[in-house]
Amino acid sequence: MHLPFRSKKTLRTLAVAAMVGMTAVGLAACSSNDNQGSSGSATKGTVNWWGWTPTNTDEAKDFIAQFNKKYPDIKVNFKLIGISDYQATMRPALASNGGPDVFDLQPGSYVQQFGTYAEDMAPVAKSALGSDWKSKIAPIAVSGMTYKGKLTALPVGSTYAGTLWINHDLFTKYDLQPPKTLDEWKHVCQVFEQNGQGCFVQGASQEGFDQDTLQSIANSVKPGYWTKASKGKAKWNDPTMVKTLSIWKDLFTSGIMQKGALGAQQYPDANNQFLTGKYAMVMMGTWYTQYATEKAMTEAISAAGVAGAKPFPIVPIAFPDVAGNGNTSEMFGDADYGLAVASKSKNRAAAETFAKWIATTKQGQQVIANRLDTLPTLKGVQPDFTTIKFVDPSVQETPVTDLLKKVGSVNEPRFALLNADIENAFLAAAQSVGSGSATPQQAAETLQQAAQAAAAANG
Amino acid sequence: MTETTGVRGARMSHSGGTSGRPALRGGQGNASPARRQRLQAPGLPWILPALVLGVGLIYYCIGYTGYMSTLNWDGASPNPESVGLNNYVRIFTSDPVFWKAVWHTVVFFVVTFVAQTALGVIFAVMMHSRIKLGILYKVVVFVPVVLAPAIMAPVFRQMFSINGQFNWLLEHVGLGALVQPWIGQESTALPVIMAITIWQWTGLTFVLYFAAMSQIDQSMLEAARIDGAGNFRTLVSIIWPSLRGTTVALAILGAIGALKTFDVPWLVTIAGPNNATQFLGTYIYQMTIQLAHVGYGAALSIILLLVALAIAIILQVVGRERTREKKGAR
């Protein structure tokens, strides 16, 4: 078989042309395109929404169905991307022209890394809520979504941590009271252990949840110090943090933390262990409120692998005063997530309509509120408890409603002030202290060095 | 092996011989050199797409990674900062996690290669012994090779957790004292990862040794038997030396595989606890994707590439020298 090339010159020319063509295609694929997208219609079009949450696609479909009652001509396609794959997926997608129109952002490293690809949503918020829009949204949610003066996303919901959730049935069964101090916590765990029942479970291989526990301990040692250090106004190698890490270590040595915690993940390991009744306590925040309801609890237990799931009442309790200083451990929180509109979107107006409806209208926020997964950021919107059915209202309703009232005054951020390097340093500190390969003092020094390096790198 | 064949083919082509390779080109082995050169030209367009893809994608990307390794860049910023060789300096002088990953890679390679080789040879010898249900055993040994690590990882996470089946088994065979959080502590996490890898890849080692043993001249084995060699002596003095080529190839594959190790440690232990199962592959992923230090991750990737090349060359050279020594001794 012969191809019709008669001379070397023709062949070389073709070879060079093919090479140049392929390289150009490769370069075009690799290069970024700074073209801005077009605005399009605000009431018609297709909006592609990518996010790690809602983690349940049925929930997203419910949001979209409610939205479509008002805007039937905007089609919204939700693409669920696992949180562990989110950064890897979004970086090239947002740099290309084939990425989403709307995408999830959370305070901290995501806002810092992907905020440059988002529209400034402040004008959108102003058009929806008026010039005093900031006073109508939870302030902690606005600050968490703002980076370098730009509102990178409209906050949809907020979450707060610093609480423990307990299995009320197990505490009743062994005649135990929720612990308020470290000694009481140790006693509770001893009783559970004597009865062959797991006590406290944590997925200590993941930085975010380790940080929640560490921040709660730090707030017990010296309220507000963690936030001060996060802002760079205090040092991480201060005796406060050394004490915090010492108490963290104590959780491992005194038998509070389950064996193998350093290799466990909060999701699915710790979550499943708690929901299947193997452990009686878990470190979770307000996002766990959804499991106080019979429907969500039954679904969650079933998803954890229990056939014929029988829901049990879970109750939030304050993090114990583990330092013994008499301080009530303050809660801390952020915007759970916000909806950003990609600046390259070709349907920006429709995308803004969708983000605006969920984040700034009472209808949109009520849908969020009733899920009890994340708390609404628009002030004045509360979960409708007439439609929400607790597993055991007699033991759950009061602590849950108290919790939701309490978070209204929270002003300490959770992740918003920390970047990925510092979060990574927290994980290293937590794991090295937990495993005994570093002393609390050594880990605190390393943490401070990491914070200084991160501060220097970020100018 | 490929290179040797190529050299042999070229020699035949220059000599203008009529046997072997020239006949593959349509029986034109007797053509004059000028005629032959003209006939070779049409081959270029055939390989051009692969050449362009190879050079344009693979080598271009390697070059681009090399360029990125000189940057301080988060992968998104339009203005990356050029830092020269600073990323490399940092890696070699002030990054303990890198050296931890290198150490884990060395340990991982040595342990998994030795274990897989020993098990592979033993299984292959056993299967050549015409045992009953041999086909069934072959399937059982080989099945882990075709199972995706992403599917097996949750199983192993459950199996080796503190409440997992492995501890349950230990308790029920009277070894309750050994119960521990296997993947939740630094001392045992790496051995678990190595055990999983051995389980997964021994099947491939076995198949290659099984095939290589089929090539051993039966008369040599019979001669050994006549000379009074027993099973062990035959295995050590006849079979094992005949498998040298396969062993070298497996060593190269194992070494490069160890350098590229990512899926099992990431999916089972997330490279932890406390970096106890950190490898170069997982560290590159953490640096590049999770922490957005794309320049630093690119420098790690270039180091990984150079080490892989160096190991492949060293093992090839050592393998050849030993083969020459062996031939010389004969």
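The values are calculated or read from the model by the stated rules, or taken from the named source; none is laboratory data. Computed from a predicted structure; not experimentally measured. Cβ coordinates were reconstructed from backbone atoms using ideal geometry, including for glycine residues, and neighbour counts include every protein chain displayed. Surface areas here come from the heavy atoms of the whole protein model, side chains and all, with no ligands, DNA or RNA. Shrake-Rupley method; radii C 1.70, N 1.55, O 1.52, S 1.80 Å.
At a glance:
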| read-out | value |
| --- | --- |
| Count of region B:116-144 residues which are of a type in the set (A, V, I, L, M, F, W, C) and open to solvent by less than 30 Å² (accessible area, probe 1.4 Å) | 4 |
| Test: residue in region B:179-194 that is over 20 Å from B:GLY272 (Cβ atoms) and at pLDDT 95 or above | no |
| Selection from region B:66-92 of residues that are more than 12 Å from every other protein chain (Cβ to nearest Cβ), touching a Ser or Thr at 6+ places or on another chain (Cβ under 8 Å) and among the hydrophobic types (A, V, I, L, M, F, W, C) | B:LEU71, B:LEU85 |
| Unique match (being over 15 Å from the mean Cα position of the chain (by Cα) and open to solvent by 50 Å² or more (accessible area, probe 1.4 Å)) among B:GLN218, B:GLN316, B:GLN286 | B:GLN218 |
| Any hit, region B:226-242, residues being outside any loop (DSSP other than H, G, I, E, B), of a type in the set (Asp, Glu), free of Cβ contacts under 8 Å to residues at least 24 places away in the same chain and over 18 Å from B:GLY319 (Cβ atoms) | no |
| Considering residues of region B:172-190 that are within 13 Å of chain A (Cβ to nearest Cβ) and in a helix (DSSP H, G or I) only, the residue surrounded by the fewest Cβ atoms within 10 Å (Cβ to Cβ) | B:SER187 |
| Which listed residue, of A:ASP334, A:ASP321, is surrounded by 23 or more Cβ atoms within 10 Å (Cβ to Cβ) and charged (D, E, K, R) | A:ASP334 |
| Residue in region A:342-381 that is nearest to the chain's Cα centre (by Cα), counting only those that are among the β-branched types (Val, Ile, Thr) and in a helix (DSSP H, G or I) | A:ILE368 |
| Test result for A:VAL102, closer than 17 Å to A:GLY338 by Cβ, within 13 Å of another protein chain (Cβ to nearest Cβ) and of a type in the set (Val, Ile, Thr) | no |
| Filter pass, A:MET145 being open to solvent by less than 10 Å² (accessible area, probe 1.4 Å), within 17 Å of the chain's Cα centre (by Cα) and either more than 14 Å from chain B (Cβ to nearest Cβ) or more than 28 Å from A:ASN219 (Cβ to Cβ) (or both) | yes |
| A:ALA428 vs. criteria within 14 Å of another protein chain (Cβ to nearest Cβ), closer than 26 Å to A:TRP287 by Cα and crowded, with 19+ Cβ neighbours inside 10 Å | yes |
| A:ALA204 within 25 Å of the chain's Cα centre (by Cα) and within 14 Å of chain B (Cβ to nearest Cβ) | yes |
| B:GLY245 being within 25 Å of B:PHE92 (Cα to Cα) and either touching a residue at least 24 places away in the same chain (Cβ under 8 Å) or part of a helix (DSSP H, G or I) (or both) | no |
| Any hit, region B:298-313, residues being within 14 Å of another protein chain (Cβ to nearest Cβ) and out of contact with any strand residue (DSSP E or B) (no Cβ under 7 Å at 6 or more places or on another chain) | yes |
| Residue ID - nearest to the other protein chains (Cβ to nearest Cβ), chosen from residues in region A:110-124 that are part of a helix (DSSP H, G or I) and touching a Ser or Thr at 6+ places or on another chain (Cβ under 7 Å) | A:TYR117 |
| Cross-chain or 6+ apart pairs with Cβ under 6 Å, region A:46-63 first and over 22 Å from A:ARG348 (Cα atoms), then modelled with pLDDT of 85 or more and assigned to a strand (DSSP E or B) | A:THR57/A:LEU80 |
| Count of region A:382-403 residues which are within 21 Å of the chain's Cα centre (by Cα) and open to solvent by less than 20 Å² (accessible area, probe 1.4 Å) | 3 |
| Extreme residue, surrounded by the fewest Cβ atoms within 10 Å (Cβ to Cβ), among residues of region A:210-264 that are within 14 Å of chain B (Cβ to nearest Cβ) and at positive phi | A:GLY255 |
| Filtered residue count, region A:265-309, keeping only those that are in contact (Cβ under 8 Å) with a residue 60 or more places away in the chain and among the acidic types (Asp, Glu) | 2 |
| Condition met for B:LEU253 (without any contact (Cβ under 8 Å) to a residue 12 or more places away in the chain and of a type in the set (A, V, I, L, M, F, W, C)) | yes |
| Selected residue (only one of A:ASP120, A:ASP132, A:ASP73 is of a type in the set (D, E, K, R), farther than 23 Å from A:PRO268 by Cβ, open to solvent by 50 Å² or more (accessible area, probe 1.4 Å) and free of Cβ contacts under 8 Å to residues at least 12 places away in the same chain) | A:ASP132 |
| Top-ranked residue in region A:166-209 [being among the aromatic types (Phe, Trp, Tyr) and open to solvent by less than 10 Å² (accessible area, probe 1.4 Å); ranked as farthest from A:PHE312 (Cα to Cα)] | A:TRP185 |
| Boolean, A:ASP169 is acidic (Asp, Glu) and either within 24 Å of A:TYR288 (Cα to Cα) or in a strand (DSSP E or B) (or both) | yes |
| Unmet criterion (only one of (1) at pLDDT below 85; (2) touching a Phe, Trp or Tyr at 6+ places or on another chain (Cβ under 6 Å)) for A:LEU447 | (1) |
